[in-house]
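Worksheet: the structure to be examined is printed underneath.
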Amino acid sequence: MISDGTIAGKRSRWRFFITPFGLLTGPGVLFIVVMLLLPLLAVVVFSFWRTESYELYADWNFDNYRVLFSESAYRTFLLRSVAGAAAASVICLLYAWPVAYFIARHGGRFRLLLVLLLAAPFFTGVILRIAALQGILGPGGLINMTLGVMGLPPVRALMYTQFAATIGHVYLFVPFMVTAIYLSLVNFDFALLETAKINGAGPWRAFVEVTWPLNWIGTAIGIALVFIPCLASAVTPRFLGGPNSPSFGMSLAQQFGETGTWALGSAMSVVLFFLSFLVISIMYCTIDLRRTGFTGMHSK
Amino acid sequence: MKREAVSLSLQSITKHFGSVKAVDGINLDIEQNEFFALLGPSGSGKTTLLRIIAGLERPSNGRVVVRGQDVSDLPPYRRHIGMVFQNFLLFPHKTVSENIVFPLRMQRIARPEREKRLTWAMALLRLDGLGRRYPNELSGGQQQRVALARGLISRPALLLLDEPLANLDRELRAEMEVEIRRYQKELNIPFVYVTHNQEEALTMSDRIAVMRNGQVEQVGPRVEVYTRPATAFVASFVGQSNRMEGVAAAINGSNMTMEWRGSSLLVPSHGDISPGNRIRFSIKYEDVEVSCRGTASATAGRNRLPGKLRDIIFKGQTANYLITLDNGAEIVASGAPREMNLRPGEEVFVHWAAKTGVSFKA
């Protein structure tokens with residue numbers, strides 16, 4: 001009896017891969033394993049190796065991490081990136097909420113079109129878009145040239161500063177934030193606002209008590225979609241932020257490029273990965289599934 | 001009506017949506033301690049009127065006066081009116097207790113007082129022990145009681161109820177009808193109750209306004225609306241009636257003879273009707289009686305028509321007797337089922353007292 005059971009068990013374990021479920025999930029799982037987990041694993045392994053004149057040597061050590069945590073330059077880069085990503089997230093949040101709210105509430109029959117048009121910035125490539133921003137914000141750019149023609153001094157804050165890089169980040173990532181908040185708002189029952197008002201809540205109070213908490217998941221997803229790419233961002237700060245205040249992402253890119261210090265670059269990637277994971281975890285902890293308003297999301 | 005007794009006064013309220021007149025010049029006075037029903041079919045403007053009272057909709061014209069104060073220009077959150085909705089609309093992210101005390105928190109009432117009122121409301125609505133649950137963990141009836149508790153906890157000047165029982169099953173509805181009326185009588189707060197269900201309106205309310213096409217067809221105590229409908233529409237909408245269309249013949253004071261399918265019926269008349277008018281006569285199921293052909297029944301002052309019993313619809317306390325008259329028309333009589341041992345297919349008489357029923361000019 002017992003041996004029968006084990007044989008049947010083994011057979012069914014193999015047969016799993018030719019069930020519809022196995023066939024449907026298999027390719028996706030394989031893709032993730034090959035494209036995400038293997039490279040990630042490689043990066044973790046490399047971060048404990050050593051590079052010398054553009055060659056990787058497999059002698060295990062903690063030197064890369066020691067360098068990262070002891071040299072203040074890397075700490076500065078990291079803090080700069082965290083601050084930049086936080087600033088971009090806050091600006092995107094303030095920008096996206098009214099836009100998403102307006103589309104969801106008053107978009108009418110244009111609602112879908114308006115949301116699809118959020119993809120408009122992606123009609124061209126990312127480098128081209130950043131170059132275009134450079135052409136507007138940079139020293140010879142539209143704004144400062146116009147000011148020059150009018151005999152006014154240029155706005156220095158726009159020329160190769162972190163502020164300019166943040167503007168670039170906001171421009172690049174705000175569509176994700178709007179989309180996330182919009183998708184949350186279209187599933188929000190606006191009649192609940194009427195209920196809040198009848199029960200004595202003014203417009204602001206009703207927002208704080210009802211609209212915001214019931215759309216917090218969507219908002220949190222939006223923040224994650226902006227904060228994490230900004231944290232790792234390399235191209236935007238290089239074009240708009242200038243060479244004097246490199247971001248963590250820029251420095252990381254350099255390790256894999258100019259300097260060829262792959263092992264140190266890998267260690268930086270691992271740090272970035274853990275930091276991103278930490279941010280996601282913190283956001284996850286802010287979400288009480290019972291208080292999201294979604295039915296059936298209770299973790300029982 | 002004394003002014004101080006009036007709790008809510010609607011003065012020529014009109015509401016246009018584009019070219020549609022949803023509410024058309026409504027005047028109503030509702031008293032303190034009154035359970036008032038707005039009864040009408042869907043699209044009659046009753047919900048729009050309720051939303052205007054709440055401040056969720058601005059009237060195109062007219063004033064809303066609550067306890068002597070004109071609130072027409074106040075937003076809903078300054079009106080101190082409670083409201084209960086058909087789909088409950090509890091805050092899904094707040095617990096039962098948090099939902100119920102919400103109005104008190106908005107009014108910045110101190111916590112000890114809030115706790116006291118919460119205990120009171122939970123006891124009143126039999127919600128004890130459910131305070132920490134979330135709305136989606138409650139049954140429909142419990143959710144509706146939470147919505148009522150939230151509407152009542154701040155002791156509003158007025159409680160508006162928009163078809164609050166429509167989403168509940170039949171048994172629960174019957175129970176809640178009695179309960180809601182009890183709360184109203186205990187708390188002495190006027191309730192304005194919107195429904196399309198005449199049974200609900202009749203069970204619960206003191207007075208009923210029957211609405212149609214944005215206008216009030218009749219306002220009055222429930223028994224009056226039921227027994228003395230003012231218009232043909234009210235007669236057909238409130239209660240279950242047989243309708244007959246005939247022609248007025250001889251008029252004799254408050255009675256007249258109506259020619260209907262070859263029979264002369266003695267029916268009530270009123271001043272507007274003159275001989276030759278087309279008449280719409282309506283008589284409630286329970287006013288019509290059935291008896292076997294054989295039994296000798298008194299015919300003086302009664303209308304009597306021969307027919308054949310087609311079917312009996314048994315409803316428990318009563319039964320509906322469906323009769324095909326010899327003139328081809330269908331008529332329904334309702335009565336206590338045990339009193340009559342009639343069988344389908346039997347030859348019968350239907351009869352009713354000549355003074356019952358109502359007639360209107362068609």
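Figures for the structure shown
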item	result
FRET efficiency, A:V29 to B:E175 (Cβ-Cβ, R0 45 Å, nearest 0.05)	0.25
Sequence ranges A:74-82, B:142-150, ranked by mean other-Cβ count within 10 angstrom, highest first	B:142-150, A:74-82
Listed residue (B:G40, A:A120, A:G140) projecting farthest to the positive dipole end of the protein assembly as shown, Cβ model	B:G40
In order through segment B:92-106: 3J(HN,Hα) via Karplus (6.51 cos²θ - 1.76 cosθ + 1.60), integer Hz, x for Gly, Pro	x, 9, 10, 6, 4, 4, 5, 4, 5, 7, 3, x, 5, 4, 5
Counting DSSP beta bridges with both ends in the protein assembly as shown, the antiparallel % (nearest 5)	80 percent
Burial ordering of A:V115, A:V149, B:V348, fewest other beta-carbon atoms within 10 Å first	A:V149, A:V115, B:V348
Residue-averaged beta-carbon neighbours from other chains (10 angstrom radius) around B:90-98	5
Unit charges at the beta carbon, dipole of the protein assembly as shown: most positive-side option, B:L74, B:F314, A:L252	B:L74
Gaussian network model of chain A, springs between alpha carbon atoms under 10 Å - residue of A:A201, A:A96, A:A165 with greatest fluctuation	A:A201
Cα shape, segment B:233-303, gyration tensor, a/c 1.5 rule	oblate
Unit charges on C-beta of K, R, D, E only; dipole of the protein assembly as shown, Debye	500 debye
Using a Förster distance of 60 Å, the FRET efficiency for B:R58-A:N61 (Cβ separation, nearest 0.05)	0.20
Fully extended contour minus Cα-Cα distance, from A:A119 to A:C285, at 0.36 nm per residue	56.7 nm
Of A:S251, A:S276, A:S53, the one that fluctuates the most in a GNM where chain A has Cα springs shorter than 10 Å	A:S53
Whole-Å distance, taken between Cα centres, linking segment A:93-123 and segment A:204-239	15 Å
Cα gyration tensor category, rounded, prolate or oblate, for chain A with a/c compared to 1.5	oblate
Average beta carbon contacts from partner chains per residue of B:72-79, 10 Å cutoff	4
Helix-only CD estimate at 222 nm, as mean residue ellipticity for the protein assembly as shown, using -39500 (n - 2.57) per DSSP H run (n ≥ 4)	-13000 deg cm²/dmol
Whole-Hz couplings from phi, Karplus 6.51/-1.76/1.60, listed for segment B:158-165; x for Gly and Pro	6, 10, 9, 10, 9, 6, x, 9
For chain A, built as a Gaussian network whose Cα springs stay under 10 Å, the top-fluctuating residue of A:W204, A:W60, A:W49	A:W204
Amide H partners (placed H, <5 Å) of B:H93, local residues excluded	none
Rounded tilt (10° steps) of B:111-124 against the dominant C-alpha axis of chain B	20 degrees
Pairwise FRET efficiency - A:A191 versus A:R111, Cβ, R0 = 25 Å, nearest 0.05	0.90
Cα centroid separation - segment B:253-272 against segment B:110-166, whole Å	53 Å
Spacing of the two label points (7 Å from each Cα toward its C-beta) at B:R182 and A:F69, in nm	6.8 nm
Relative contact order computed over chain A (Cα-Cα under 8 Å; 6+ residues apart), in percent	26 percent
Residue pairs, from the table B:K21/B:K284; B:K284/B:K308; B:K185/B:K284, whose Cα atoms sit over 25 Å apart	B:K21/B:K284; B:K185/B:K284
Antiparallel content of DSSP bridges confined to chain B, in %, to 5	80 percent
Average beta-carbon neighbours from other chains, 10 Å sphere, peptide B:300-306	0
Cα gyration tensor, segment B:205-362 - rounded (a/c under 1.5), prolate or oblate	oblate
Inter-centroid distance (Cα atoms) of segment B:42-63 relative to segment B:212-227, Å	18 Å
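No lab work stands behind these numbers, since they all come straight from the coordinates. This structure is a prediction, so every number in the text was calculated from the model and none was measured. In this analysis, Cβ positions are derived from the backbone assuming ideal geometry, glycine residues included, and neighbour counts consider all displayed protein chains.
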